[in-house]
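All remarks here apply to the structure that follows.
Bear in mind these aren't lab numbers, they're just calculated from the coordinates by the rules spelled out. All values derive from a computational prediction rather than experimental measurement. Counting neighbours? That spans all protein chains shown, and the Cβs are built from the backbone with ideal geometry, glycine included.
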Amino acid sequence: MRMLHPVGVVGVLSLLLLGSGQGLAQEELKIGAVGSLSGGGTDWGVATQRGVDLAVAEVKAQGGLHLGAKAYMPRVIMYDDQYTGQGGTTAAQRLVNVDGVSFIIGPIGSPAVLGVLNVTRPRNVVVLSDGFSPKILVPESTHNFRVSLTTLEFAPAIVRWLREHQPEVKRVAVISPNDAVGQQVVPILVNAYKANNFTVAFDEKYERGMNDFTPILTRILAGGVDVLELDSNAPGEAGLLLRQARQLGFKGTIIQTGGPAVEEAMKVAGPLAEDFLSYEIFDPADPRGAAFIKAYREKHEGPINAYAPIMYNATQILFEAMRRAGSVEVEPVRTSLEHLTGYDTIFGPVRWGGKSEYGIDHQLLTDFLLVRLKNGKVEMVSHLSP
Amino acid sequence: MFTVPVLSQIVLNGFVLAAIYTLVALGFTLIFGIMRIINFAHGEFAMLGGFLVFFMLQVANMPFFVALPLASFAVAGGGLVLEALVYRPFYQKELQGMIATIGLSTVIVYSAVLLFGSHQRSIPASFTAIFTIGPVILPADRLAVLTVAAIALAAFYVFITFTRIGLAMRVVAQDLEIAEAQGINARATYRAAFFVATFLAALAGGLLAQLYSLSPFMGTLPLVKSFIVVILGGLGSIPGAAAGGLVLGMFESFVSTFYGLSVAQFASLGAVIVLLVLRPEGLLGRAER
């Protein structure tokens, strides 16, 4: 039998390898991410990082994002915004001008989001972020999308639930930080309460960083209220308010139509957090989220901050938009994102809204939850829709 | 609004604030009175005390009443190293000491940022019980703070009044030359005073951490308050620091309840300015000759 020449064998094997599935032309796809890895929003920033990394890892495990004859291997480049506007601007400048990124996931806090948008809007970079500020989604927001609900979306439904299930309560005290977020969110909440026949007896503001709320709570409780509303307070402050209110003998309803900060409330207030009601975005018991939870638990311990599934979802939506566009170019992907309605995610089918409120349908609408702390555990109270 | 529950809360809160301010201010005035150093890093020792209590509670699962004194001793012990390296060259040199402690404060704060991160964190409540006596509500954590502070202040009074080292501190504060002529070891006295001062600051930090929250920047407020208290009470006067702490704590509690914290801060600083115009030596300080 004629022996095959060794060089020939090697050559054939090389051609076979090149011609295999691995042999699709591969390119790197840079995905930018911005989040608070230090500062007041660290929990949220770390959750963002984890969520984005999980979504990217799934795509990598499939051999990359396959678009036609090309496979794009995603790589996350993340910078810290320090939960500040300047931090967001700096992070976006590095991503756009140095790293050449065209798609950014995050950030979360409004100052940081506005800082990012200062850089990305003139450059038509696609941004999928959070942020409650009304300046984030405007008719000119052609390239940015909001992937988490804001007070405008969830407050009316929550306050309506409160009216239906606690008809005896009448007087509400709203306590919020005296900053851009607090000033923007509170009027929305106050209107929601008034529309449901509550009396907003107190609308109190405090300076961020304050942590002795006893004087302000003493004054409020002396005025006689049935509901203490913690709205946009950061997790640590919400926990302290909850604890100090109960220590002053307040027995009424304490609710946070914002956050979510349920885990921190439990940690800070301990048994005093019993019956605390809060908005929550992610239901760990929902079967749609099972695969995400399994993947998360393989890498991380501890409670799952809601922004992990939110930003995982945002990244998945982005990849799906790229698949449907058959491209990683900005304009086709942007258009594809806008037409992604119906695509099934861990939060249900994609539904964009916001035209009447913001002038553009770039607000992701998802169902959400009202939860209660009971015996040290989070208990689901109701599924609600915006 | 002027009901028994409201007024009792104001008084209780006032005593809690007074206790914490006095603990910090006593240490501050001790260092100035004996070593003539205006210690701008004093608040940072409170911060370190708070963080050490946090880690002892969270990581070592110690009870609060064990963690608090241990953390305070540890900070005071570590403070002696700083005393040798940073403070000792500047004793009796007010201006140079002030500059050195400003620098030390920055180093401690940003070392803490690197080690612990810059974000606020909260200690889970060690005391969640609530006691009531008629219409008066007494949260257990505030009672615990008052008890610890009362014991510490009583122990400090006994120490400074009835012990040889306490007597030595008072003599050195009055006249260093005469003290040394009488055979008092000034260096040993300085070290003892520094240890006690930083112990008190760390104790206050641990109490603050239990009531409120922690961050590397939390030392600024206790330092500012201790300035106000010692100026109010008289720089270098120990009874003055106690009186100043009580006045400031009660005043802030009352004003912040009815008018908000911003008004309370403004009013307390304004009142201090008026007092200094009328009585520059403070409530119980000695007039300068």
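Data for the structure
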{"quantity": "Relative contact order (%) - chain A, alpha-carbon pairs under 8 angstrom, separation at least six", "calculated": "16"}
{"quantity": "Value of relative contact order over segment A:300-371, rounded to a whole percent, pairs C-alpha under 8 Å and six or more apart", "calculated": "19"}
{"quantity": "Segment A:253-386: C-alpha gyration tensor shape, a/c 1.5 cut-off, then a/b vs b/c", "calculated": "prolate"}
{"quantity": "Square roots of five times the Cα gyration tensor eigenvalues for segment A:317-386, Å", "calculated": "32, 15, 9"}
{"quantity": "Most mobile of B:Pro69, B:Pro216, B:Pro89 in a GNM of chain B (Cα contacts under 10 Å)", "calculated": "B:Pro89"}
{"quantity": "Dipole axis of chain A (+1 Lys, Arg; -1 Asp, Glu on Cβ), positive-most option in A:Gly182, A:Tyr72, A:Thr253", "calculated": "A:Tyr72"}
{"quantity": "In sequence order, calculated HN-Hα J values of segment A:53-65 (Karplus, 6.51, -1.76, 1.60; Hz; x Gly/Pro)", "calculated": "4, 5, 5, 5, 4, 4, 5, 4, 5, 8, x, x, 8"}
{"quantity": "Likely footprinting exposure, B:Lys225, A:Lys374, fewest C-beta neighbours within 10 Å first", "calculated": "A:Lys374, B:Lys225"}
{"quantity": "For A:Val76, distant residues with modelled amide H under 5 Å away", "calculated": "A:Ile31"}
{"quantity": "Backbone N under 16 Å from the A:Ala285 label point (7 Å along Cα→Cβ), restricted to segment A:364-383", "calculated": "A:368-383"}
{"quantity": "Student exercise, chain B dipole from Lys, Arg, Asp, Glu Cβ charges, in Debye to nearest 20", "calculated": "160"}
{"quantity": "5 Å-binned pair-distance histogram of segment B:4-218 (Cα, whole percent)", "calculated": "1, 7, 14, 18, 18, 15, 11, 8, 5, 2, 1, 0"}
{"quantity": "Integer Hz, Karplus 6.51/-1.76/1.60 couplings in order for segment A:213-219, x for Gly and Pro", "calculated": "9, 4, x, 5, 5, 4, 5"}
{"quantity": "Cut-off 14 Å (backbone N to label point 7 Å along Cα→Cβ of A:Arg121), residues of segment A:336-379", "calculated": "A:359-360"}
{"quantity": "Most mobile of B:Ala154, B:Ala25, B:Ala197 in a GNM of chain B (Cα contacts under 10 Å)", "calculated": "B:Ala154"}
{"quantity": "Taking A:Val98, A:Val328, B:Val16 and counting other C-beta atoms within 10 Å, the order from fewest to most", "calculated": "A:Val98, A:Val328, B:Val16"}
{"quantity": "Under 18 Å from the Cα of A:Lys135 - lysines, other chains or at least 8 residues apart", "calculated": "A:Lys355"}
{"quantity": "For peptides B:34-43, B:268-277, sequence by mean Cβ density within 10 Å, most packed first", "calculated": "B:34-43, B:268-277"}
{"quantity": "GluC sites (Glu not before Pro) within segment A:299-332, DSSP loop, no more than 10 other Cβ atoms inside 10 Å", "calculated": "A:Glu301"}
{"quantity": "Choice from B:Gly245, B:Gly77, B:Gly49 with maximal GNM fluctuation in chain B (Cα, 10 Å cutoff)", "calculated": "B:Gly77"}
{"quantity": "Distance histogram for the protein assembly as shown (every C-alpha pair counted, 20 angstrom bins, percent rounded to whole numbers)", "calculated": "17, 42, 28, 10, 2, 0"}
{"quantity": "Inter-label distance for A:His383 and A:Gln183, nm, one decimal - labels placed 7 Å from Cα along Cα-to-Cβ", "calculated": "4.0"}
{"quantity": "Average beta-carbon neighbours from other chains, 10 Å sphere, peptide A:202-215", "calculated": "5"}
{"quantity": "Spin-label zone in segment A:25-56 - amide nitrogen under 16 Å from a point set 7 Å from the Cα of A:Val330 along the C-beta vector", "calculated": "A:30-33"}
{"quantity": "Under 5 Å, built H, 5+ apart or other chain: amide partners of A:Ala71", "calculated": "A:Ala25, A:Gln26, A:Glu27"}
{"quantity": "10 Å Cβ neighbours from other chains, averaged over peptide A:270-281", "calculated": "1"}
{"quantity": "Vicinal HN-Hα couplings computed from phi for segment B:124-137 (Karplus, 6.51 cos²θ - 1.76 cosθ + 1.60; Hz; Gly/Pro x)", "calculated": "x, 5, 7, 10, 10, 5, 10, 9, 10, 10, x, x, 8, 9"}
{"quantity": "Virtual spin-label span in nm between A:Lys355 and B:Glu177, 7 Å along Cα→Cβ", "calculated": "9.0"}
{"quantity": "5 angstrom amide H check on B:Met62, placed H, neighbours 5+ away", "calculated": "B:Leu57"}
{"quantity": "Computed E for A:Ala57/B:Ile151 - FRET, C-beta separation, R0 45 angstrom, nearest 0.05", "calculated": "0.25"}
{"quantity": "Inverse mean reciprocal Cα-Cα distance (Kirkwood Rh) of chain A, Å", "calculated": "22.2"}
{"quantity": "Partners for A:Lys299 among aspartates and glutamates (Cα-Cα distance below 17 Å; same-chain residues under 8 apart left out)", "calculated": "A:Asp43, A:Asp53, A:Glu58"}
{"quantity": "Sum of -39500 (n - 2.57) over DSSP H runs of 4+, divided by residues of the protein assembly as shown (222 nm, nearest 500)", "calculated": "-18000 deg cm²/dmol"}
{"quantity": "Extension gain, B:Leu70 back to B:Arg36 (0.36 nm per residue minus Cα-Cα distance, nm)", "calculated": "9.4 nm"}
{"quantity": "Sequence-separation-based contact order of segment B:92-170, relative, with Cα cut under 8 Å and 6+ spacing, percent", "calculated": "12"}
{"quantity": "Fewest-first sequence of B:Ile130, A:Ile310, A:Ile136 by Cβ atoms within 10 Å of each Cβ", "calculated": "B:Ile130, A:Ile136, A:Ile310"}
